[in-house]
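> Let me give you the structure first, and then I'll get to my questions.
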Amino acid sequence: LIIVDGVERSMDLVDVDDIASFSILKDATATALYGVRGANGIVIITTKRGMESKPKINIKAEHGFTQPVKLPSLANTSQWIDYYNELFIDSGAEPAISDYERQMYLSGADPDIYPSVDWVKTIFKNLASTDRVNMNVTGGSKTMRYYVGASYYKEDGIFNVAENTEHVGYDNQMRFDKFSFRANVDLDITKTTSLSLSLSTQYNTKTGPATNMGDLYAYTMYSTPIASPPIYSDGTLANPDGGYNPYRMLNSSGYTRTTNIVAQSLVTLTQKLDFITEGLKANIKYSWDAENGNVLTRVLNETFYFDRGRDDEGNIIYEPWNEGTGYMSLSRSNSSFTITNLEAGLNYERMFNSAHDVSAMLIVTN
């Protein structure tokens, strides 16, 4: 169970630079407050708040890299052809690939007709970059204190998307962008009454190819190094006869864009009740969270080709693998919801004779 500033919320929606404290409740302490929902423990996150001081501005910028822990190493062209021919020889048949064809595949003299492709290196990158910028301002007076923070995070994917996709007319680069904003304001209305306001907004977008990522990874593993070139040298979209081209799936399938916007607010009114007994406080909290999500997918229906060699003039003889329309289909889905929470509580905390500490809490939520 994740509790942010006293309200159940997702940890993903809290920027790390906005966190003031991070603690874990477990065992009886957790279940006493939240019953069986806290049986596995509770993570309590408190965000930063202002203090009485002149305005202080902090700016931080980071640049980093991400790298796959390990990528599969596939058989190269020579290994694959030799193993494939051995299967035929062991069954008493002639090699499926002649010595001449083998030499043409390995020489790279005609990569359109005799391709030699390392699909893992073609589809995946060794490194991807990340960038993060955060700025926050804190300060205040005796009666009002504030903390305002904003951050931007960008992460590129490890798929080796073609830099120039003008032949299909859209941008399908793998990318994740996130903008975060938070403002916490504390106001002392009277000597015994205080009002706190917390506002936060998160906006993130994720873009990438329309191809299912599981299929893309699978066909990268399935495709043989001589199945087809990633794309023909004249720009014609390639696809092996009886199979799939991972490069085409990555770069010529369309694109998808996922957008998510979350707005969160929290108002807390606290009243000291020392006139009843010292250390007694009453508070009322009201939170309102709204989330809106949108997924846009544009699938490109292009015609792909495989070759039947070259004609007498040296031109590639193409045959269509499918009958594409050249148009993009559109699908869109939307989701939205709001969550409200009202909580009233009494807190009692007092120390007697500098040796005995007594505390109690009563919470009612709706």
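The values are calculated or read from the model by the stated rules, or taken from the named source; none is laboratory data. Quick caveat: nothing in here was measured; it's all calculated off a predicted structure. Neighbour counts run over all protein chains shown; Cβ positions are idealised from the backbone, glycine included. The protein model used for the area step is the full one, side chains on, heavy atoms only, and it has no ligands, DNA or RNA in it. Shrake-Rupley method; radii C 1.70, N 1.55, O 1.52, S 1.80 Å.
> Tell me, please, whether a residue that is among the charged types (D, E, K, R), farther than 23 Å from TYR305 by Cα and free of Cβ contacts under 8 Å to residues at least 60 places away in the same chain can be found in the stretch 133-152.
No, every residue in the stretch 133-152 fails to be among the charged types (D, E, K, R), farther than 23 Å from TYR305 by Cα and free of Cβ contacts under 8 Å to residues at least 60 places away in the same chain.
> Checking ALA20 against (1) of a type outside the set (Phe, Trp, Tyr); (2) surrounded by 13 or more Cβ atoms within 10 Å (Cβ to Cβ); (3) under 27 Å from SER194 (Cα atoms): exactly one of these is not met. Which one?
(2)
> Which of the residues belonging to the stretch 254-268 are crowded, with 17+ Cβ neighbours inside 10 Å and aliphatic (A, V, I, L, M)?
VAL262, LEU266
> Output the helices (runs of 4 or more DSSP H) that fall wholly within the stretch 1-119 and possess 3 or more residues being of a type in the set (A, V, I, L, M), or say none.
Fully inside the stretch 1-119 and qualifying: 28-34, 77-90.
> Could you check the stretch 269-306 and list, in sequence order, the residues that are exposed (fewer than 15 other Cβ atoms within 10 Å of the Cβ), among the β-branched types (Val, Ile, Thr) and touching a residue at least 12 places away in the same chain (Cβ under 8 Å)?
Within the stretch 269-306, THR277, ILE284 qualify.
> Starting from the stretch 213-231, take each residue that is open to solvent by 50 Å² or more (accessible area, probe 1.4 Å) and list its partners that are of a type outside the set (S, T, N, Q), counting only C-beta distances under 6 angstrom and pairs at least six apart or across chains.
TYR219/TYR244; TYR219/PRO246; ILE231/ALA238
> Output the residue which, of all residues in the stretch 194-209 that are of a type in the set (Gly, Ala, Ser) and crowded, with 21+ Cβ neighbours inside 10 Å, is farthest from GLY108 (Cα to Cα).
Looking at the filtered set, the residue picked out is SER198.
> OK, next. Could you tell me whether the stretch 50-57 includes any residue that is crowded, with 17+ Cβ neighbours inside 10 Å, within 30 Å of TRP288 (Cα to Cα) and not aromatic (Phe, Trp, Tyr)?
Yes, the stretch 50-57 has at least one match.
> Grab the strands (runs of 3 or more DSSP E) fully contained in the stretch 301-366, keeping just those with 1 or more residues being closer than 30 Å to LYS281 by Cα.
Those strands (runs of 3 or more DSSP E) span 328-352, 356-365.
> Further, regarding this structure: In the set ILE89, ILE97, which member is open to solvent by less than 40 Å² (accessible area, probe 1.4 Å), out of contact with any strand residue (DSSP E or B) (no Cβ under 7 Å at 6 or more places or on another chain) and either under 30 Å from ARG310 (Cα atoms) or without any contact (Cβ under 8 Å) to a residue 12 or more places away in the chain (or both)?
Exactly one residue qualifies, and that residue is ILE97.
> Considering only residues that are hydroxyl-bearing (Ser, Thr, Tyr) and touching a strand residue (DSSP E or B) at 6+ places or on another chain (Cβ under 7 Å), look in the stretch 23-49 and name the one that is least open to solvent (accessible area, probe 1.4 Å). Show your work before the answer.
Here is the first cut: in the stretch 23-49, the ones hydroxyl-bearing (Ser, Thr, Tyr) are 23, 29, 31, 34, 46-47.
Next cut, touching a strand residue (DSSP E or B) at 6+ places or on another chain (Cβ under 7 Å) only: 23, 34, 46-47.
Values: SER23: 54, TYR34: 72, THR46: 53, THR47: 2 Å².
Filtering the stretch 23-49 for residues that are hydroxyl-bearing (Ser, Thr, Tyr) and touching a strand residue (DSSP E or B) at 6+ places or on another chain (Cβ under 7 Å), the one least open to solvent (accessible area, probe 1.4 Å) comes out as THR47.
> Moving on to the next point. Every residue in the stretch 135-152 that is over 8 Å from MET51 (Cα atoms) and part of a loop (DSSP other than H, G, I, E, B), please.
Across the stretch 135-152, the qualifying residues are LYS142, THR143.
> Is it the case that MET361 is under 30 Å from SER253 (Cα atoms) and either touching a Lys or Arg at 6+ places or on another chain (Cβ under 6 Å) or touching a residue at least 60 places away in the same chain (Cβ under 8 Å) (or both)?
no
> In this structure, does TYR114 turn out to be more than 39 Å from the chain's Cα centre (by Cα) and surrounded by 13 or more Cβ atoms within 10 Å (Cβ to Cβ)?
no
> Quick check on my filter: what residues within the stretch 177-193 are in a strand (DSSP E or B), more than 30 Å from LYS206 (Cβ to Cβ) and open to solvent by 30 Å² or more (accessible area, probe 1.4 Å)?
Hits for the stretch 177-193 are VAL185, LEU187, ASP188.
> Still on this model: Which members of the stretch 227-272 meet the condition of being part of a loop (DSSP other than H, G, I, E, B) and either among the small types (Gly, Ala, Ser) or more than 24 Å from GLY326 (Cα to Cα) (or both)?
If the condition is that a residue be part of a loop (DSSP other than H, G, I, E, B) and either among the small types (Gly, Ala, Ser) or more than 24 Å from GLY326 (Cα to Cα) (or both), then ALA227, SER228, SER233, GLY235, GLY242, GLY243, SER252, SER253 are the ones that fit.
Residue by residue, here is whether (1) at pLDDT 90 or above; (2) within 28 Å of SER198 (Cα to Cα); (3) out of contact with any helix residue (DSSP H, G or I) (no Cβ under 8 Å at 6 or more places or on another chain) holds:
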| site | (1), (2), (3) |
| --- | --- |
| GLN103 | yes, no, yes |
| ASP118 | yes, no, yes |
| SER129 | yes, no, yes |
| GLY140 | yes, yes, yes |
| THR143 | yes, yes, yes |
| ALA150 | yes, yes, yes |
| THR165 | no, no, no |
| MET174 | no, no, yes |
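> I would also like to ask the following. Among residues belonging to the stretch 152-163 that are charged (D, E, K, R) and touching a strand residue (DSSP E or B) at 6+ places or on another chain (Cβ under 8 Å), point out the one that is modelled with the lowest pLDDT.
ASP156
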